[in-house]
Each structure stands twice: as C-alpha cells, then as structure tokens.
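The values are calculated or read from the model by the stated rules, or taken from the named source; none is laboratory data. Please read all numbers here as calculations on a predicted model, not as lab measurements. Cβ sites come from the backbone with ideal geometry, for glycine too, and all protein chains shown count toward neighbours. Each accessible area value is taken on the protein alone, full model and side chains, heavy atoms only, with ligands, DNA and RNA left out. Shrake-Rupley method; radii C 1.70, N 1.55, O 1.52, S 1.80 Å.
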Amino acid sequence: MLDYRTETFLTVCKTLNFTTAAKQLNITQPAVSQHIHFLEKQYNTILFNYKNKELSLTPPGQILYKHLLTMKNNEQALMNELNNITSNIETLSIGVTMTIGEYAIVDKLANFIQNHPEINIHLHYGNTSKLLELLDHGQISMAIVEGNYPKENYSHKKYSTEDYIAVCATSHQFNKEPHTIHDLISEHLLVREEGSGTRNILEQSLIAHGLHISNFIHYTQVENMHTIMNLLKKDCGISFLYKIAVGKELKSKELKEITLDDFKLQHDFDIIWEKESIYADKYLSISKEFI
C-alpha cells in the first residue's frame, strides 16, 4: 500500500505547486516539503527543479511519478476487484473519442455486452487528450483513441485502420476546382477543438505540407462532431474527418469527398491501457474481443 508521502508527491506532481498541494491534502506547506525531502533522501535524487518561480519535475522525478502513479492505479483496480467478489459483478470503464463511440464501436460493444452479462460497462466520451489524462489517473481502465499519442507510454493494440478525408456539401461550389490541399486554404474550415484526435491528425498533415490551421482565411472551431456535420450539410464550409464518420452522408449524397492529388491519408484507431498494469493480460484479452 502506498503511504501518505507518496500521495503528497503525486499531488505536487499534479499541481506543480507546494502551496496548492498542501491545500488539497489539508496539511501544511512545511509538511509537504518534509515529505518530498524524505523521498529525495530515500531515492538519493532530486525530484523537482525550481526555476523562474516555476516548479518542474527532474528526469528522475518524471520516472518516479510514472511508476508511482501506475502503482496507485493498480492498487485502486485491485481494491475494486476485491470489492466486486461479493456481488459477483465486474465494472469495466472504457474511454472512447466521439468518432469511435458514435461510428466505430457500437456493434462490437453490443457483442461484448451480450457475451459478458456479468460485466457492467462505463463508457466515457472525451477527446484523445482527455482520455489519456483519465487513463493516467486510473479513472478508466482502457481507451480507444484516434489521434497521435506517446505509444512508448502505453500498451496498445490496433483496433482498425480508417481513411481520413476532406469533405464538403455535395452542393458546394469551389471558385476553382481544388487539386491539392493548398487549393483549399481560401475555404471556410470547420475544425474540432485542440486536444481532439481528429484535429491532431489534420494539424500533423498540414505541417507535412508546410501549412497550419491559421493559414485558412476563415475557420470555425467546434467541439461536437454532429454540429460539424450539420454545418457541412448546410454548406457552411469544408472539413477533414474520418470516412467512417460520414459514410451515411456520403452514401445519401448529402456530403461528398474532396479528392486531392496530395492528400491520401489513413490512420489507426488503437486500444490502449497502462503499460505496467497488473491487469495487462486481462486488457489484452478484452481488446481482442473488440477487434
């Protein structure tokens, strides 16, 4: 079991402020300092740097934070498992992005629920950035993400490979027929919020072409996939989305793909979980049922 000094360290890592950590833990600031100094002495290393009035983790501090956080999450997961024994009901928390949750997981999730009536599912929605945060802090067990993430920090298995395309209303009229991504910068871009996997893929692709979102003369940032699609149908601009998300609209010809000579992109959806989780084998087995 992790002790109170570990909890102090993790709280300071989260807040990067001794005073704020003390308030959250309901202890004094000198007590926080004492706990950190104890750990530094125990591990014979410096865990934090303080420069220009800002606190940051040292490289050894980052390593300790990663492993202690995983230990804390394992301990919580173990407590949940023990508590579930009496009820014979297991709870599994899975995080999904909006695209995956709405368009890529429903059939497979239904099969899993039917095959495992003893498991209660908590499905959490969030953008890729938020899901990584929830996973890191043990608030979800697994996540299915669509954007780029630090693969070296997680165990992962490919869920699917999806086409990523440019789209607009079928009735949309271009001033000049586009052939390259540069031909689209005069268009009104409909884009997801920062932290979204859908946006991250677009940003990386634009950089590869020497562009940024700011190069588009006009753009609207929207935090909801359905709103973007409704705006597309009303011919309010163009967007870049996974083809699986607009398959129905493409088939009904409400939307059309903008075919570009220099933009042919596919990206993986991945199932991920904590790399050092004591339940890694279990999560791997579950992930195989979703593939």
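Observations, loosely collected:
- Residue in region 254-279 that is surrounded by the most Cβ atoms within 10 Å (Cβ to Cβ), counting only those that are within 24 Å of Ile63 (Cβ to Cβ) and of a type in the set (Val, Ile, Thr): Ile272
- Screening Asn74 with (1) of a type outside the set (Phe, Trp, Tyr); (2) farther than 22 Å from Phe18 by Cα; (3) in a helix (DSSP H, G or I); (4) open to solvent by 30 Å² or more (accessible area, probe 1.4 Å) gives one miss only, at (4).
- Scanning region 140-150 for residues that are surrounded by fewer than 18 Cβ atoms within 10 Å (Cβ to Cβ) and touching a residue at least 24 places away in the same chain (Cβ under 8 Å) turns up just one, Asn148.
- Considering residues of region 77-99 that are under 18 Å from Glu133 (Cα atoms) and in a helix (DSSP H, G or I) only, the residue modelled with the lowest pLDDT: Ala77
- Taken together, the residues in region 244-271 that are under 23 Å from the mean Cα position of the chain (by Cα) and more than 24 Å from Asp107 (Cβ to Cβ) amount to 1.
- Residue among Leu206, Leu202, Leu190 that alone is touching a Gly at 6+ places or on another chain (Cβ under 6 Å), free of Cβ contacts under 8 Å to residues at least 60 places away in the same chain and farther than 30 Å from Thr70 by Cβ: Leu190
- Subset tally (residues that are in a helix (DSSP H, G or I), of a type in the set (D, E, K, R) and either closer than 21 Å to Met71 by Cβ or in contact with a Phe, Trp or Tyr (Cβ under 7 Å, 6 or more places away or on another chain) (or both)) for region 1-54: 5
- Subset of region 208-248 [in a helix (DSSP H, G or I) and farther than 22 Å from Asp183 by Cβ]: Met225, His226, Thr227, Met229, Asn230, Lys233, Ile244, Ala245, Gly247, Lys248
- Count - residues of region 37-58 that are open to solvent by 90 Å² or more (accessible area, probe 1.4 Å), more than 17 Å from Tyr4 (Cα to Cα) and at pLDDT 90 or above: 2
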